[in-house]
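Everything below concerns the one structure shown next.
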Amino acid sequence: MLCLMEIAKNAVVAIEGWFDPSPSNPALLGTQCTECSTFYFPREELFCKNPRCSSTSFDQVRLSSRGTIWSFTDAQYQPPPPYVSGDPFEPFALVAVELEREKMVVMGQAAHGYQVDDLSVGMAVELVVETLYEDENNSYLIWRWKPDGASKTSKQAP
Ligand SMILES: [Zn+2]
């Protein structure tokens with residue numbers, strides 16, 4: 001049914017500063033130590049955590065939007081922040097992804113419509129931006145991991 005009364009909501013990021021929600025080129029936003037080149041996500045901007053490095057200088061970087069599944073689990077419980085999961089809580093697959101370039105592991109939910117049965121360790125995934133939840137005025141966006149090769153059009157809730 002065509003709904004002409006629907007009012008467009010503002011799309012805002014659920015966690016400010018953690019990712020760029022640009023539809024054409026989404027990316028996680030991290031930092032990289034200027035001395036030892038270690039990547040950080042979430043951003044580290046005070047002291048490098050590498051014990052052999054005493055740097056306090058970091059570059060802002062856009063992290064790889066592709067990677068491979070390192071591990072995954074079925075989140076049947078309400079996880080703590082920052083993994084805001086929407087209300088009411090719906091079980092989802094939580095994925096740990098090794099980024100293509102940085103070789104660091106970043107957590108995130110599997111893209112809407114993908115459950116643990118659709119995933120396997122070593123599977124290639126890409127970053128997508130989806131709506132996490134909505135209130136009266138806003139749609140809150142979050143990054144998720146979608147199996148590569150799947151349709152570019154992300155599955156949306158009905
Ligand atoms: Zn360092």
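Please treat every number below as a calculation from the coordinates, not as lab data. These numbers come from a predicted model, not from an experiment. Every residue, glycine as well, gets a Cβ built from its backbone with ideal geometry; the counts of neighbours run over all protein chains shown.
The table that follows gives values for the structure above.
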| read-out | value |
| --- | --- |
| Ranking of R52, R62, R144, R43 by count of other Cβ atoms within 10 Å, fewest first | R52, R62, R43, R144 |
| Proxy reagent accessibility, fewest Cβ within 10 Å first, across D74, D135 | D135, D74 |
| Residues with amide H under 5 Å from that of L141, placed H, sequence gap 5 or more | V12, V13, A14, L132 |
| Relative exposure of K146, K9, judged by other C-beta atoms within 10 Å (fewest first) | K9, K146 |
| Under 5 Å, built H, 5+ apart or other chain: amide partners of G67 | E100, V125 |
| Qualifying chymotrypsin sites (Phe, Trp or Tyr not before Pro) for the stretch 103-145 [loop in DSSP, other Cβ within 10 Å: at most 16] | none |
| Using θ = phi - 60° and Karplus 6.51 cos²θ - 1.76 cosθ + 1.60, couplings along the stretch 19-36 (whole Hz; Gly, Pro as x) | 7, 9, x, 3, x, 7, 8, x, 7, 6, 9, x, 10, 9, 5, 6, 8, 10 |
